Amino acid sequence: LLGRLPYTLMVSHCGGGYSRYEDLAVTRWRADGTTDNSGQFCYVKDVGANHLWSASHQPVCAPADFYSAQLATDRVTFLRRDHGIETRTEVVVVPEDSAEVRRVTLTNESDVEREVELTSYGEIVIAPPGADRQHPAFSNLFVETEWHAWSSAPPATRGPRSAAKRTIWCVHVAEAGGAERVGDATFETDRARFVGRGRSVRSPAALDASGALSGRTGAVLDPIFAIRVRVRLAAGQSASVAFTTLV
């Protein structure tokens with residue numbers, strides 16, 4: 001359990017968990033200790049070798065050469081090694097800014113250059129968790145997404161039910177500094193396009209091929225935020241990408 005009001009977060013040793021702003025669910029989560037496959041995630045793909053895993057054990061559940069989850073009072077750190085690449089993910093909450101930051105640091109431990117794609121994923125709710133559990137499809141209808149290329153961020157808002165209700169904005173932004181970044185960040189806000197028909201978050205359709213995500217925005221029927229960033233790592237080189245979610 002991280003943070004304090006107004007922004008709090010729960011994350012398990014496998015990477016599942018929820019984010020809350022006051023009494024609102026920021027991302028979708030279901031209490032299932034068996035699957036533990038809902039929350040906010042980051043996919044990691046070695047483009048050259050076509051190897052796919054996730055920054056935490058969930059949601060891909062790929063066997064790692066080494067895996068460790070450190071649950072501290074101020075942050076959660078996931079450390080793993082896969083196919084000669086070390087992935088270190090640090091999760092922290094900044095309550096003063098109503099935000100959470102998930103910084104993923106990749107280190108190329110092999111002696112050849114590697115290109116790696118990082119793709120974030122979370123299902124947008126911005127509503128009381130009880131209402132979302134009862135009618136998730138109905139709840140999704142009132143969320144609208146946009147994209148701002150200047151900040152590599154897809155903001156989302158839920159239309160207020162009355163003039164007395166305040167408008168809540170949720171923003172997901174990616175920052176990858178340095179010369180390691182390859183190309184521009186791309187995005188997806190439609191879960192149907194990202195996951196695919198008959199698929200799940202364990203093996204989504206958007207991870208079958210490398211390259212740009214489709215970039216659909218608007219009043220999608222099943223809203224998500226997903227940002228893809230590619231980095232190039234020389235032998236022994238490290239690079240960090242920070243995914244920030246704020247309300």
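The values are calculated or read from the model by the stated rules, or taken from the named source; none is laboratory data. Note that this is a predicted model, so its numbers are computed, not measured. Using ideal geometry, Cβ is built from the backbone for each residue, glycine included, and neighbour counts are taken over all protein chains shown. To get the accessible areas, we keep the full protein, side chains included, count just its heavy atoms, and leave off ligands, DNA and RNA. Shrake-Rupley method; radii C 1.70, N 1.55, O 1.52, S 1.80 Å.
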Problem - First in region 137-161 and closer than 16 Å to ALA25 by Cβ and of a type in the set (A, V, I, L, M, F, W, C), second anywhere and open to solvent by 70 Å² or more (accessible area, probe 1.4 Å) and in a strand (DSSP E or B), Cβ under 7 Å, 6 or more apart - result: ALA156/GLU144
Practice task
Considering every residue within region 63-70, establish whether at least one is open to solvent by less than 50 Å² (accessible area, probe 1.4 Å) and within 26 Å of VAL182 (Cβ to Cβ).
Solution key: yes
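Condition (residue is hydrophobic (A, V, I, L, M, F, W, C), open to solvent by 10 Å² or more (accessible area, probe 1.4 Å) and farther than 26 Å from VAL247 by Cβ) applied to region 4-19: is it met by at least one residue? Step through it out loud before you land on a result.
First, pick out the residues of region 4-19 that are hydrophobic (A, V, I, L, M, F, W, C): 5, 9-11, 14.
Filter once more, so that each one left must be open to solvent by 10 Å² or more (accessible area, probe 1.4 Å): 5, 10-11, 14.
From what is left, the residues that are farther than 26 Å from VAL247 by Cβ are none.
Scanning region 4-19 turns up no residue that is hydrophobic (A, V, I, L, M, F, W, C), open to solvent by 10 Å² or more (accessible area, probe 1.4 Å) and farther than 26 Å from VAL247 by Cβ.
Out of the residues in region 39-61 that are over 17 Å from the mean Cα position of the chain (by Cα) and in a loop (DSSP other than H, G, I, E, B), which is nearest to LEU106 (Cα to Cα)? Can you show your working first?
Let us first name the residues in region 39-61 that are over 17 Å from the mean Cα position of the chain (by Cα), namely 46-51.
With in a loop (DSSP other than H, G, I, E, B) added as a condition, the list becomes 47-50.
Details: VAL47: 14, GLY48: 16, ALA49: 16, ASN50: 16 Å.
My answer is VAL47.
Taking only region 107-126 into account, find how many residues are of a type in the set (A, V, I, L, M) and either surrounded by fewer than 22 Cβ atoms within 10 Å (Cβ to Cβ) or farther than 16 Å from LEU52 by Cβ (or both). Spell out the reasoning first.
Step one: filter region 107-126 for residues of a type in the set (A, V, I, L, M), giving 112, 116, 118, 124-126.
Next, only the ones that are either surrounded by fewer than 22 Cβ atoms within 10 Å (Cβ to Cβ) or farther than 16 Å from LEU52 by Cβ (or both) stay: 112, 124-126.
Result for region 107-126: 4.
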Exercise for the section: Please indicate, with yes or no, whether at least one residue in region 130-143 is loosely packed, with under 11 Cβ neighbours inside 10 Å, among the aliphatic types (A, V, I, L, M) and at pLDDT below 90. Expected result: yes
Practice task
Give the residues of region 88-97 that are under 11 Å from THR244 (Cβ atoms) and not hydrophobic (A, V, I, L, M, F, W, C), sorted by residue number.
Solution key: ASP97
Exercise for the section: Count, please, the residues in region 35-48 that happen to be more than 15 Å from GLY17 (Cβ to Cβ) and open to solvent by 50 Å² or more (accessible area, probe 1.4 Å). Expected result: 1
Completion exercise
Taking first residues from region 97-108 that are on the phi > 0 side of the Ramachandran plot and second residues anywhere that are of a type outside the set (Val, Ile, Thr), the pairs with Cβ under 7 Å that are 6 or more apart or on different chains are SER98/PRO6; SER98/TYR7; SER98/TYR21; SER98/LEU246
Practice task
Would you check if there is a residue in region 217-227 being of a type in the set (D, E, K, R), part of a strand (DSSP E or B), in contact (Cβ under 8 Å) with a residue 12 or more places away in the chain and surrounded by 14 or more Cβ atoms within 10 Å (Cβ to Cβ)?
Solution key: no
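Yes or no, residue by residue, for (1) within 16 Å of the chain's Cα centre (by Cα); (2) within 22 Å of SER56 (Cα to Cα); (3) not β-branched (Val, Ile, Thr):
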| residue | (1), (2), (3) |
| --- | --- |
| GLY130 | no, no, yes |
| SER151 | no, no, yes |
| CYS170 | yes, no, yes |
| VAL195 | yes, yes, no |
| SER238 | no, yes, yes |
Fill in the blank from the handout: Among strands (runs of 3 or more DSSP E) entirely within region 146-216, at least 2 residues that are exposed (fewer than 14 other Cβ atoms within 10 Å of the Cβ) occur in 181-190
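So in region 201-216, with the set limited to residues that are without any contact (Cβ under 8 Å) to a residue 60 or more places away in the chain and not aliphatic (A, V, I, L, M), which one is farthest from HIS83 (Cα to Cα)? Don't jump to the end; show me each part of the working.
First, the residues of region 201-216 that are without any contact (Cβ under 8 Å) to a residue 60 or more places away in the chain: 205, 208-209, 211-212, 214, 216.
Checking which are not aliphatic (A, V, I, L, M) leaves us with 208, 211, 214, 216.
Numbers: ASP208: 18, GLY211: 21, SER214: 28, ARG216: 33 Å.
Among those that are without any contact (Cβ under 8 Å) to a residue 60 or more places away in the chain and not aliphatic (A, V, I, L, M), it is ARG216.
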